[in-house]
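Here's the structure, in structure tokens; my notes come after.
The values are calculated or read from the model by the stated rules, or taken from the named source; none is laboratory data. Computed from a predicted structure; not experimentally measured. With ideal geometry, Cβ positions are generated from the backbone for all residues, glycine too; neighbour counts draw on all protein chains shown.
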Amino acid sequence: MRLSIIIPTYNPGVLIRNIFEIIRPYSQKLDSEIIIIDSSSTDGSLDFLEKENVKVIKIPKSEFNHGGTRNKAAHLAKGDILVYLTQDAIPVDSHSIEKLIKPLVEDTKIGMAYGRQLPRADADFFGAFARKFNYPEESQIKTLKDVNKLGIKTVFVSNSFAAYRKDYLMEVGGFPTNTILSEDTYVAARMLKKGWAIAYVAEAQVYHSHNYTIIEEFKRYFDIGVFYGREKWILKEFAQAEGEGVKFAIEQLRTIIKEKKYYLIPSFFVRNAMKFLGYRLGIYEKIIPLSMKKKISMHKQFWDQ
């Protein structure tokens, strides 16, 4: 099987060089290709790739779309397996990709696999907790039969570090081009409905986390609400997202108390209240004026499109 490693970028800074230095040995070993699809970066951080065997695709910044941009790269890719990384997800070592694609190579019933995200060294409590809660130490194979047990977690995946069988991805129509985010969740749900499985590979690891402010959390969850409000079939078939949110908040509070970080309790309540408010507003975004949606959304460009 041939491999294509795809990284969407926009002014990635020094991180893209770090990623490249880690994945290059594995890429050369397998004679795979690396595709950078760049939204017209201006910081010069991709200049070093001119001397490397890398396909760099330039698109106007205004044309970036979480699903559409990834589709464009997928159609140009020659690989049977497509590995997607974001520009801020740093593989732990050169074996991370090898471990990630192993389930796809060994089992044709698996349509996609995603790896474990570890908090970066500069992660704050909330950023680190999110990674520990969502990316456990144990690997797992998820199928449609797991809905009663896992609920919305059945379709929880992340394109920050994921691999897809290209033909399966195309069979479900590729990534959606009309979603504000969570194009990975959409594809996961479609693949499960097709009868394929999803692999969570805890041994395949990247460093990736965000230190969101409370306002950023509000905006992010507004966008998540927009996604689920427009893709109601996912909630209908895979349970309500709020149920998982409650579990997350309870475990987060327990961890704060266990670690005796009591000073975080006020922030905990405000943060989770704002996340819930943002999510509910997103669900009912159709009654909100467009000008207001642009102000409270993390992905403002979506509303222009």
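Contact map, segment 184-196: residues that are touching a residue at least 60 places away in the same chain (Cβ under 8 Å) and assigned by TED's automatic domain parsing to the domain that holds K142 paired with residues that are buried (at least 24 other Cβ atoms within 10 Å of the Cβ) and part of a helix (DSSP H, G or I), Cβ distance under 7 Å, separation 6+ or inter-chain. Pairs shown: A188/V155.
Taken together, the residues in segment 112-163 that are aliphatic (A, V, I, L, M) and part of a strand (DSSP E or B) amount to 6. Within segment 263-292, the set of residues being under 26 Å from E183 (Cβ atoms), free of Cβ contacts under 8 Å to residues at least 40 places away in the same chain and either acidic (D, E) or surrounded by 13 or more Cβ atoms within 10 Å (Cβ to Cβ) (or both) comprises N272, I288. Consider segment 189-200. How many of its residues are outside any strand (DSSP E or B) and in contact with a strand residue (DSSP E or B) (Cβ under 8 Å, 6 or more places away or on another chain)? Here the count works out to 4. When segment 52-70 is filtered for residues that are touching a strand residue (DSSP E or B) at 6+ places or on another chain (Cβ under 6 Å) and surrounded by 13 or more Cβ atoms within 10 Å (Cβ to Cβ), the ones remaining, listed by number, are V54, K55, V56, I57, T69.
Of the residues examined, Q240 is one that is more than 29 Å from I101 (Cβ to Cβ), modelled with pLDDT under 95 and of a type in the set (S, T, N, Q). Please tell me if E203 is modelled with pLDDT of 95 or more, surrounded by fewer than 20 Cβ atoms within 10 Å (Cβ to Cβ) and either in contact with a strand residue (DSSP E or B) (Cβ under 9 Å, 6 or more places away or on another chain) or among the hydroxyl-bearing types (S, T, Y) (or both). Spelling it out, E203 is indeed modelled with pLDDT of 95 or more, surrounded by fewer than 20 Cβ atoms within 10 Å (Cβ to Cβ) and either in contact with a strand residue (DSSP E or B) (Cβ under 9 Å, 6 or more places away or on another chain) or among the hydroxyl-bearing types (S, T, Y) (or both).
Within segment 84-97, how many residues turn out to be β-branched (V, I, T) and either closer than 10 Å to A204 by Cβ or free of Cβ contacts under 8 Å to residues at least 24 places away in the same chain (or both)? Total meeting the criteria: 2.
Answer with yes or no whether N178 is assigned to a loop (DSSP other than H, G, I, E, B), modelled with pLDDT under 95 and surrounded by fewer than 21 Cβ atoms within 10 Å (Cβ to Cβ). So N178 fits the description; yes. All told, F125 meets the bar of being surrounded by fewer than 20 Cβ atoms within 10 Å (Cβ to Cβ), more than 23 Å from L235 (Cβ to Cβ), among the aromatic types (F, W, Y) and not assigned by TED's automatic domain parsing to the domain that holds G243. Scanning segment 95-111 for residues that are in contact with a Lys or Arg (Cβ under 9 Å, 6 or more places away or on another chain) and either more than 17 Å from N159 (Cα to Cα) or assigned to a strand (DSSP E or B) (or both) returns T108, I110, G111. Scanning segment 1-15 for residues that are within 15 Å of N53 (Cα to Cα) and among the β-branched types (V, I, T) yields I5, I6, I7. When L100, L150, L76 are checked against the criterion of being free of Cβ contacts under 8 Å to residues at least 60 places away in the same chain and either within 20 Å of I37 (Cβ to Cβ) or assigned by TED's automatic domain parsing to the domain that holds L253 (or both), L76 stands alone in meeting it. Take the conditions (1) under 19 Å from Q205 (Cβ atoms); (2) in a strand (DSSP E or B); R24 misses just one of them, which is (2).
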